[in-house]
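First up is the structure itself, then whatever we jot down about it.
The values are calculated or read from the model by the stated rules, or taken from the named source; none is laboratory data. Remember, it's a predicted structure, so these values are computed and weren't measured experimentally. In this analysis, Cβ positions are derived from the backbone assuming ideal geometry, glycine residues included, and neighbour counts consider all displayed protein chains.
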Amino acid sequence: MKAYNIFKHRHLPEIEQELSQLAQQKVTITFVPHLIPIDRGILTTLYVNLNKKMGTEEVLHIFQKCYRGEPFIRIYPKGKVPNTKDVRSSNYCDIGVEVNESEGRAVIVTAIDNLVKGASGEAIQNMNIMLGYPETMGLDVIPLFP
């Protein structure tokens, strides 16, 4: 297992752009991906300083509201976080949250199968939307390999 592209991962600018749009102010993050010798899957752990006192339920509610109606986003209940096994061979992005209220920090854990939810699954999802097909067409059952 190793860390790579510390402070310079190619997706860092777009992550900060989207977070800044959502927050309506400039957001900068530290993003350090790690390579693990597995066939597929990405597990991300994000550390967030909260700008107001909030509990886990409040943060989960924000995620649920933000992603309401999104067929491939699953928000986990309080006390649960995803792992790569949960998303294997799927187009899902699973999200879990834990808040340390006394420190005003949140930890957000996400899991995707990068062989599906990566560029290939995203391309199929976008094509479906552009052509007026159901967004989930061709993505709700994927053959397992490897």
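Side notes on the structure shown:
- On the stretch given as the stretch 2-48, residues that are touching a Pro at 6+ places or on another chain (Cβ under 8 Å) and on the phi > 0 side of the Ramachandran plot total 1.
- Of all residues in the stretch 5-49, those that are touching a strand residue (DSSP E or B) at 6+ places or on another chain (Cβ under 6 Å) and not in a strand (DSSP E or B) total 1.
- Residue match in the stretch 67-77 (condition: small (Gly, Ala, Ser), without any contact (Cβ under 8 Å) to a residue 24 or more places away in the chain, within 30 Å of Val141 (Cα to Cα) and not in a loop (DSSP other than H, G, I, E, B)): no
- Some residue of the stretch 28-44 being farther than 26 Å from Gly121 by Cα and not β-branched (Val, Ile, Thr): no
- The set of residues in the stretch 51-65 that are surrounded by 12 or more Cβ atoms within 10 Å (Cβ to Cβ) and either of a type in the set (S, T, N, Q) or in contact with a helix residue (DSSP H, G or I) (Cβ under 8 Å, 6 or more places away or on another chain) (or both) comprises Thr56, Gln64.
- Cβ-Cβ under 9 Å pairs, at least 6 apart or on other chains, the stretch 10-25 side within 17 Å of Cys66 (Cα to Cα), far side in a helix (DSSP H, G or I) and at pLDDT 90 or above: Leu22/Cys66
- The listed residue being assigned to a helix (DSSP H, G or I) and either of a type in the set (Phe, Trp, Tyr) or over 30 Å from Asn128 (Cβ atoms) (or both), out of Val59, Val99: Val59
- Within the stretch 73-92, tally of residues that are closer than 17 Å to Ala119 by Cα and modelled with pLDDT of 95 or more: 1
- Any hit, the stretch 66-87, residues being of a type outside the set (A, V, I, L, M, F, W, C), out of contact with any Phe, Trp or Tyr (no Cβ under 7 Å at 6 or more places or on another chain) and within 23 Å of Pro13 (Cα to Cα): yes
- Test for Thr136: is it over 23 Å from Asn51 (Cα atoms) and either surrounded by 14 or more Cβ atoms within 10 Å (Cβ to Cβ) or not aliphatic (A, V, I, L, M) (or both): yes
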